[in-house]
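J.: Dumping the structure here so I can ask a few things about it.
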Amino acid sequence: MKSKAWTEKFMRGVFFIAACASVLAVALICVFLFANGIPAMSEIGFLDFLTGKMWKPNNDIYGIFPMIVGSLYVTAGAIIVGVPIGILTAVFMAFYCPKQIYKPLKTATELLAGIPSVVYGFFGLVVLVPIIRQLGRDLGFGGNGSSMLTASLLLGMMILPTIIGLTESSLRAVPTQYYEGAVALGATHERAIFRVVLPAAKSGTIAAIVLGVGRAIGETMAVIMVAGNQARMPQGIFRGIRTLTANIVIEMGYATDLHREALIATGVVLFVFILIINFCVALLNRRDSRE
C-alpha cells in the first residue's frame, strides 16, 4: 500500500511538472516577443507600424498594414474553400460513406495531415500557379499565377484534414438518440443530420474551424512559394500579396537592429491575432453552454 501511495504521489508530481513546463513555455514565448517587439513599435510608432502602407527597411519605413490585410484575406479565402468541403466530407464519412471505401478515405485524409508544407508549396507552384495564371489571363485580369487566390486554394487544402478529423469525431460523439428522435418525429435522413446532429456537434465543429484558421494564418513555406510575396496593398485576387509570416521568414535572415526588432514586432501582432481568435471562440462556447 505504501508503495502504491508513493507511486501515485510521484506520478502526480510528474504530471504537475509537465503542466508547469507547458505554461512556462508559453510564458517565455510571450516575454520574448513582447520584450523585443513592444520597444520597436514604440520607436517606430504604434499607429505608423500598424497602419503604415509602406515597408522599406532600407529607408527605416516599417508599415505592416498590407501584410495584415494580406493575412486576413488569405485566411478568409482558405476558410471559404476549406470549411464547407471539410464539414461536408466529415458528414459523408460519418453518415453516408460505404464501409468499403471508408478506410481508404480515412487514410487519405490522415495522409493529407502528414504531408510537409513545403510539398504543398511545390504542388501549388507546379499545378495551381499555372492554372490560376491561365484563368487570370482568360478572364482579363492578368497576373503571373502567384496570387492571393492561389494561396487561398492551397491553404484551403491544407486545413482540410484538421476540419474533417475533428468534425467527424464530434459528429460521432453525438448520442444516437438525437438522430433517432428526429427520425421518429418525421424528419428525413438529411434533415435529421443537418438540423439536429450537426448543431449538436457545434462546439467540436467550431474548434475544428479555429484550429484550421490557426493553421492557415500561421502557415509560411507554402504561402511563400505561391503568394507572390509583394509587400503592397492587395490589388485583386489574381495579384501577389505578402502575409505576416512570410514577411518574417523572408527578411529575418539578414535583418539587423531596428529591422530585426520590427520583424519580431510583426510576430507580436500575429500572436495577438491568434489570442483574439481563441478568446472569441471561448466566449462563443461559454455562451452556448449557458444556453
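J.: With the dipole of the chain worked out from charges on the C-beta (+1 for Lys and Arg, -1 for Asp and Glu) around the Cα centre, which of THR243, PHE15, PRO175 lies farthest toward the positive end?
T.: Of THR243, PHE15, PRO175, it is PRO175.
J.: I'd like the orientation of helix 148-158 relative to the chain: the angle between its Cα long axis and the longest Cα principal axis, in ° from 0 to 90, rounded to 10.
T.: Result, in degrees: 30.
J.: Can you put PHE15, PHE32 in order of accessible area, largest first, using a 1.4 Å probe? Intermediate values should be presented prior to the final figure.
T.: Numbers: PHE15 130, PHE32 105 Å².
Descending accessible area places them as PHE15, PHE32.
J.: Same structure, new question: In nm, give the distance between the simple-model label positions of SER169 and ILE80, each being 7 Å from the Cα along the Cα-to-Cβ direction.
T.: 3.0
J.: Place the peptides 242-248, 201-207 in order of packing, highest mean first, counting for every residue the other Cβ atoms within 10 Å and averaging per peptide.
T.: On the way: 242-248: 24.1, 201-207: 18.0.
Result, highest mean Cβ count within 10 Å first: 242-248, 201-207.
J.: Something else about it: Taking only Cα atoms, what is the 0 to 90° angle, nearest 10, from helix 257-290's long axis to the longest principal axis of the chain?
T.: Here the helix axis deviates by roughly 30 degrees.
J.: While we're looking at this one, here's another question. On the accessible surface of segment 1-144, probed at 1.4 Å, how many percent belong to carbon and sulfur atoms? Don't skip to the end; give the middle numbers.
T.: Values: 6750 of 9310 Å².
Of all accessible area on segment 1-144, carbon and sulfur atoms account for 72 percent.
J.: Given the options PHE95, SER42, TYR120, identify the residue whose Cα lies farthest towards the positive end of the charge dipole of the chain (+1 on Cβ of Lys, Arg; -1 on Cβ of Asp, Glu).
T.: PHE95
J.: Magnitude of the Cβ-charge dipole of the chain, K/R +1 and D/E -1, about the Cα centre, nearest 20 debye? Before the final figure, lay out each step's value.
T.: Values: 23 positive and 15 negative charges, 153 e Å.
The dipole of the chain has a size of about 740 debye.
J.: Here's a follow-up. If you average 1/r over every pair of different alpha-carbon atoms in segment 104-164 and take one over that average, what Kirkwood value in Å do you get?
T.: Working: mean 1/r = 0.0803 Å⁻¹.
That comes to 12.4 Å for segment 104-164.
J.: Counting only Cα atoms, I'd like the Rg/Rh figure for segment 168-291, Kirkwood definition for Rh. Intermediate values should be presented prior to the final figure.
T.: On the way: Rg = 21.3 Å, Rh = 18.0 Å.
Answer for segment 168-291: 1.18.
J.: OK, next. Over the Cα atoms of segment 37-139, compute the convex hull volume and normalise it per residue, giving Å³. Please report the intermediate quantities before stating the final value.
T.: Working: hull volume 20.7 nm³, N = 103.
Per-residue hull volume (Cα only) is 201 Å³.
J.: Let me ask something additional. As an exercise, find the ratio Rg/Rh for segment 226-285 from alpha-carbon atoms, using the Kirkwood inverse-distance average for Rh. Walk me through the numbers before you get to the answer.
T.: On the way: Rg = 14.5 Å, Rh = 13.3 Å.
Taking Rg over the Kirkwood Rh, I get 1.09.
J.: Place +1 on the Cβ of every Lys and Arg and -1 on the Cβ of every Asp and Glu in segment 65-290, take the dipole about the Cα centre, and give the residue among GLY186, ILE85, VAL272 whose Cα lies farthest towards its positive end.
T.: Sorting the options by dipole projection puts first GLY186.
J.: I want to check the label-to-label distance for ILE131 and PHE32. Put each point 7 Å from Cα in the C-beta direction and report it in nm to one decimal.
T.: Modelled inter-label distance: 3.8 nm.
J.: Can I ask one more? When the helices in the chain are scored as -39500 (n - 2.57) per DSSP H run of 4 or longer and the sum is shared across all residues, what 222 nm value do you end up with, to the nearest 500 deg cm²/dmol? Before the final figure, lay out each step's value.
T.: On the way: 14 runs with 214 residues, N = 291.
It lands at -24000 deg cm²/dmol.
J.: Let me ask you something else. Restricting attention to the alpha-carbon atoms of segment 65-290, what are Rg (one decimal) and Dmax (integer), both in Å?
T.: My reading of the Cα-based Rg and Dmax gives 20.0, 69 Å.
J.: While we're here: How far is helix 65-91 tilted off the main Cα axis of the chain, in degrees rounded to 10, range 0 to 90?
T.: So the helix axis and the longest Cα principal axis differ by about 20 degrees.
J.: State, in angstrom, two size descriptors of segment 32-75 derived from its alpha carbons: Rg to one decimal place and Dmax to the nearest whole number.
T.: 11.2, 30
The values are calculated or read from the model by the stated rules, or taken from the named source; none is laboratory data. Values in this document were obtained by computation on a predicted structure and should not be read as measured data. Heads up, the Cβs are rebuilt from the backbone with ideal geometry, glycines too, and the neighbour counts pull from every protein chain shown. Only protein heavy atoms, including side chains, enter the accessible area calculation; ligands, DNA and RNA are left aside. Shrake-Rupley method; radii C 1.70, N 1.55, O 1.52, S 1.80 Å.
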